[in-house]
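Novice: Got a structure here, written out as structure tokens. Questions coming.
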Amino acid sequence: MLVFTTIDSLQTQLNKERGTIGFVPTMGALHDGHISLISSSLDQSDFTVCSIFVNPIQFNKTSDFENYPVTLEMDKEKLEAVGCHALFLPSFEEMYPTGKGKSFDFGQLSSVMEGAYRPGHFDGVASVIERFFDIIEPDFAFFGEKDFQQLAVVSKLVENSGIKTSVVGCPIVREKNGLAMSSRNQRLSKVEKEVASEIYKGLLDMKSNFRNISVEGAKSSYIAWIDAHEIMEVEYIEIVDGKSLMPIKKWEDTTICMAFTAININGVRLIDNLTLFK
Ligand code: AMP
């Protein structure tokens with residue numbers, strides 16, 4: 001695998017490539033969820049670039065940024081093993097020549113859920129992705145549905161700015177117990193990982209039982225499900241239209257219904273989502 005730390009050296013290589021370019025942006029501490037995106041890119045494009053860049057401006061809490069896991073040597077081994085062609089490790093200075101990101105208008109999309117609870121988060125995400133797309137000009141870019149709202153924001157970014165990259169969404173990869181894989185899971189103990197599996201189990205329970213109760217009732221039951229475990233705290237549980245991501249009041253308000261949640265477990269913030277019906 002080729003490793004690049006400067007924009008110039010990466011672009012020199014990309015200029016030699018004749019086929020399609022697939023791109024997988026990550027913040028490292030790679031797990032099987034990330035590797036599934038690399039595999040999709042390898043399947044669908046001729047040359048796959050993975051980036052590892054812990055983007056400081058998308059963190060709204062300094063402590064979350066400072067505690068973000070870094071496992072570069074292991075990441076390289078995993079990327080080599082799956083057959084990734086290139087790894088890009090840019091510096092902050094090259095990514096942000098002016099020292100800061102930009103502001104974007106994604107309308108209501110960035111005002112709910114992650115947008116509401118993590119002010120500035122999507123401006124940070126869109127700034128870094130726009131910059132990467134400008135540098136790499138990928139034909140395809142692969143994003144996980146674990147960060148479903150991020151996938152929607154990036155799709156909107158592409159639509160608004162006329163970028164030619166096709167944005168591809170990839171399914172959530174889970175641990176055996178159902179916990180959505182996340183780099184932040186590395187900060188959980190074995191016991192905490194077991195308790196955290198209730199995040200998904202509670203969503204599955206909602207999917208099985210929602211027809212008998214109201215939207216508000218389904219949210220209250222979920223909160224009770226999580227609150228039954230002392231170390232977990234619900235930041236939000238929302239039931240939304242799967243296209244606009246706007247909260248619904250009644251089940252009849254949508255034909256694609258999704259539940260989204262953010263949970264804190266001993267200071268580690270985890271998110272998950274599930275389609276209830278479509
Ligand atoms: P991150 O390194 O957390 O910024 O994630 C990089 C990419 O991997 C994003 O597109 C995420 O949505 C995706 N990703 C993270 N976890 C998973 C997972 N469990 N399953 C599928 N994709 C994931």
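Please treat every number below as a calculation from the coordinates, not as lab data. Just so you know, these numbers come straight off a predicted model, no measurement behind them. Heads up, the Cβs are rebuilt from the backbone with ideal geometry, glycines too, and the neighbour counts pull from every protein chain shown.
Novice: Under 10 Å, Cα contacts only: if you run a Gaussian network model on the chain, which one of ALA224, ALA152, ALA141 comes out with the highest mean-square fluctuation?
Specialist: Result: ALA224 has the largest fluctuation of those listed.
Novice: Using helices alone, what [θ] at 222 nm do you get for the chain, with -39,500 (n - 2.57) per DSSP H run of 4 or more residues, divided over all residues and rounded to the nearest 500?
Specialist: Only helices count here, giving -11500 deg cm²/dmol.
Novice: Count the net charge of all other residues whose Cβ sits under 12 Å from the Cβ of THR255, scoring Lys and Arg as +1 and Asp and Glu as -1.
Specialist: So the surrounding residues net to -1.
Novice: Please name whichever of TYR68, GLN11, LEU109 sits farthest to the positive end of the charge dipole of region 1-139, dipole taken about the Cα centre and charges placed at Cβ: Lys and Arg +1, Asp and Glu -1.
Specialist: So the residue we want is LEU109.
Novice: Could you tally the net charge around HIS31, taking each other residue with its Cβ under 12 Å from the Cβ of HIS31, Lys/Arg +1 and Asp/Glu -1?
Specialist: Net of charged neighbours comes to +1.
Novice: To the nearest 20 debye, what charge dipole does the chain have about its Cα centre, counting +1 at the Cβ of each Lys and Arg and -1 at the Cβ of each Asp and Glu?
Specialist: 400 debye
Novice: According to the Cα gyration tensor, what semi-axes, each the square root of 5 times an eigenvalue, does the equivalent ellipsoid of the chain have, listed from largest to smallest in whole Å?
Specialist: 33, 21, 18
Novice: If the only charges are +1 at each Lys and Arg Cβ and -1 at each Asp and Glu Cβ, what is the size of the charge dipole of region 77-129 around the Cα centre, to the nearest 20 debye?
Specialist: It comes to approximately 160 debye.
Novice: Still on this structure, I have one more. Report the number of Lys pairs in region 184-253 whose alpha-carbons are under 27 Å apart, with separation of 8 or more residues or on distinct chains.
Specialist: 16
Novice: Arranged by the count of other C-beta atoms within 10 angstrom, fewest first, what order do SER197, SER9 take?
Specialist: Going from sparsest to densest Cβ surroundings: SER9, SER197.
Novice: Which listed residue (GLY162, PHE132, ASN212) has the Cα farthest towards the positive end of the charge dipole for the chain, taking +1 on Lys and Arg C-beta and -1 on Asp and Glu C-beta about the Cα centre?
Specialist: With unit charges placed on the Cβ atoms, the residue in question is ASN212.
Novice: Pick out, from PRO90, PHE23, TRP251, the residue whose Cα sits farthest towards the positive end of the charge dipole of the chain, with +1 on the Cβ of Lys and Arg and -1 on the Cβ of Asp and Glu.
Specialist: TRP251
Novice: So how strong a dipole does region 134-247 carry about its Cα centre when Lys and Arg Cβ are +1 and Asp and Glu Cβ are -1, to the nearest 20 debye?
Specialist: Approximately 320 debye in magnitude.
Novice: Also, I was wondering about something else. Running Debye on region 26-112 with equal point scatterers at the Cα sites and no solvent, what base-10 log of I(q)/I(0) appears at q = 0.14, 0.21 Å⁻¹?
Specialist: Ignoring solvent entirely, the Cα scatterers give -0.64, -1.09.
Novice: Roughly how many Å is it from the Cα centre of region 31-94 to that of region 257-278, as a whole number?
Specialist: 23 Å
Novice: Further question on the same structure: Less than 13 Å Cβ to Cβ from SER166, Lys/Arg counted +1 and Asp/Glu -1: what total charge do the surrounding residues give?
Specialist: My count for the surroundings of SER166 gives -2.
Novice: Under a crude label model (7 Å from the Cα following the beta-carbon direction), how far is ARG18 from SER220 in nanometres?
Specialist: 6.6 nm
Novice: Further, regarding this structure: How big is the antiparallel share of DSSP beta bridges in the chain, given as a percent to the nearest 5?
Specialist: Within the chain, antiparallel bridges account for around 50 percent of the total.
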